[in-house]
1. Give the number of residues within region 372-405 that are free of Cβ contacts under 8 Å to residues at least 60 places away in the same chain and of a type in the set (V, I, T).
2. Is it the case that some residue within region 76-86 is under 29 Å from T310 (Cα atoms) and either at pLDDT 95 or above or not hydrophobic (A, V, I, L, M, F, W, C) (or both)?
3. Would you confirm whether or not region 323-334 contains a residue that is farther than 20 Å from I364 by Cα and either within 17 Å of the chain's Cα centre (by Cα) or modelled with pLDDT of 90 or more (or both)?
4. Residues in region 342-356: is at least one modelled with pLDDT of 85 or more and within 26 Å of the chain's Cα centre (by Cα)?
5. Just to be sure before I move on: is V305 touching a Pro at 6+ places or on another chain (Cβ under 7 Å) and either in the same structural domain as H192 (by TED's automatic domain parsing) or surrounded by fewer than 21 Cβ atoms within 10 Å (Cβ to Cβ) (or both) in the structure I sent?
6. Would you tally the residues in region 227-245 being in a helix (DSSP H, G or I) and surrounded by fewer than 14 Cβ atoms within 10 Å (Cβ to Cβ)?
7. Determine if region 282-289 includes at least one residue that is within 26 Å of the chain's Cα centre (by Cα), in contact (Cβ under 8 Å) with a residue 40 or more places away in the chain and assigned to a loop (DSSP other than H, G, I, E, B).
8. Tell me whether region 107-128 contains one or more residues that are outside any helix (DSSP H, G or I) and touching a Lys or Arg at 6+ places or on another chain (Cβ under 9 Å).
Amino acid sequence: MTEAIPSKIGKYPVIREIGHGATSRVYLGRDPFANRDVAIKLVTKDSGVGTDLRRRFHKVFMNEASLVGKLLHPHIMAIYDADVTDDYSYIVMEYVNGPTLEQYCNVATLLPVERVVEIAFKCSLALEFAHRRGVIHRDIKPANILINGQGDIKISDFGVALQAEAEHTHLQGVGSPSYMSPEQVQDKELSHQTDIYSLGVVMYQLLTGKLPFIAATKASLLYQIINIDPLPPSTHRTDISPDLDRVVIRALDKVVKNRYQTWGDFSRDLTQTYRHLELPPESVSDTEKFNAIKSLSFFREFRDVEIWETVRIASFRRIQAGKTVIREGDVGESFYIIASGEAKVAKSGSQLDTLRAGDCFGEILYFEDTRARRITTISSATALALIEIKAGALQKASDSCQKQFNQSFLRILIDRLTWANSRLSARS
């Protein structure tokens, strides 16, 4: 018998059902206050579900509900709200309009290698963010990583996560066996390295369409996870580089001390594999943009979430030496940050300054008008790599992102005033 769809759950109007399991149903709803679509996981007091399963799921539910508002990251599905009543309980989450990564785990539907590396890189940053807040996911698998219509990813289902500050977080046997680390299947103490292992399994499957260990029985599978070394991914796919092989195999190391010790080490090694990937001419991946932005002094106080927001609103441009980038008197709508190279600043034909990597120009638009006249001419003294951001786009960015830009602009303004005063002092 089909269960009737509620018209409203709490304060949220329900649009339609989008999924269900043994103890819960998930609905597409609408948050009328934030004016956004949301996913609502509803758990009812179903008498048809066994007491043990209901008690177990209640623990998972409360664990996930405790994360409301705590894990705000561009690659983690946000949890907005939760409530428990006598008749039902529900969690309100970010709605991601797209499938999970499961559809890309088949040999007939594999993603390009560079795309897999980029997905793994974004996952590693998100899981590092969670770890810094005392949360270990413990159930990383393709079914818990969603991909939206723009091709970006969101990690979901933190219900079985291990939280450092929680009193009762240990749920024996949680996770999916094929993606469990050796220490997890042996019920040993877990650290963030169990998530590194699981992400290694996800990478292996996305790269090859195969799991590193396949067995007819659960006992045989667990034996392999604990005792057998996996074949390198390149065994199953010839366009995988030795560097990428080494990253995946190290993530899957059975000995915790030999596995990646930190998410930072894992992320850095992932970025190094880009040197050996066949990328389209002039293409710049999100991973490369992220690393380019993070390396600049301008962004030194930015958190990862604000760097990812900058990636979304920025364009990367390459300028040959001897070219005019902006001209005095012209109307513009963008400001620029130099990623590499040198630029000359001139006014009324006289050179005023030289700008280098990490310096910005044209930022006055952000404070005055999104289409103002330029007050100086900027030309490329050498080949330039520029990060271009439209002032209007930044004005619509999050408050935290705008605050970081404001602080960086202020720091640069102080540096410029100090430099100008030193020149005046030298002349007098």
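The values are calculated or read from the model by the stated rules, or taken from the named source; none is laboratory data. Owing to the predicted nature of the structure, the values given are computational and were not obtained by experimental measurement. Using ideal geometry, Cβ is built from the backbone for each residue, glycine included, and neighbour counts are taken over all protein chains shown.
1. So the first thing to find is which residues in region 372-405 are free of Cβ contacts under 8 Å to residues at least 60 places away in the same chain, and the list is 372-379, 391-392, 395-396, 399, 402-403, 405.
Filter once more, so that each one left must be of a type in the set (V, I, T): 375-378.
Residues meeting the conditions: 4.
2. To start, the set of residues in region 76-86 that are under 29 Å from T310 (Cα atoms) comprises 76-81.
With either at pLDDT 95 or above or not hydrophobic (A, V, I, L, M, F, W, C) (or both) added as a condition, the list becomes 80-81.
Checked against the condition, which is being under 29 Å from T310 (Cα atoms) and either at pLDDT 95 or above or not hydrophobic (A, V, I, L, M, F, W, C) (or both), region 76-86 yields at least one hit.
3. Residues of region 323-334 farther than 20 Å from I364 by Cα: 323.
Those still in the list that are either within 17 Å of the chain's Cα centre (by Cα) or modelled with pLDDT of 90 or more (or both) too: 323.
Yes; the residues of region 323-334 include at least one that is farther than 20 Å from I364 by Cα and either within 17 Å of the chain's Cα centre (by Cα) or modelled with pLDDT of 90 or more (or both).
4. Within region 342-356, none of the residues are modelled with pLDDT of 85 or more and within 26 Å of the chain's Cα centre (by Cα).
5. On the way: touching a Pro at 6+ places or on another chain (Cβ under 7 Å): yes; either in the same structural domain as H192 (by TED's automatic domain parsing) or surrounded by fewer than 21 Cβ atoms within 10 Å (Cβ to Cβ) (or both): yes.
The answer is yes for V305.
6. The first filter runs over region 227-245 and keeps only residues in a helix (DSSP H, G or I), leaving 227, 233-235, 242-245.
Next, from what is left, pick out any that are surrounded by fewer than 14 Cβ atoms within 10 Å (Cβ to Cβ): 227, 235, 242.
Summing the residues that are in a helix (DSSP H, G or I) and surrounded by fewer than 14 Cβ atoms within 10 Å (Cβ to Cβ) in region 227-245 gives 3.
7. Checked region 282-289: at least one residue is within 26 Å of the chain's Cα centre (by Cα), in contact (Cβ under 8 Å) with a residue 40 or more places away in the chain and assigned to a loop (DSSP other than H, G, I, E, B).
8. Step one: filter region 107-128 for residues outside any helix (DSSP H, G or I), giving 107-112.
From what's left, touching a Lys or Arg at 6+ places or on another chain (Cβ under 9 Å): 107, 110.
Yes, because at least one residue in region 107-128 is outside any helix (DSSP H, G or I) and touching a Lys or Arg at 6+ places or on another chain (Cβ under 9 Å).
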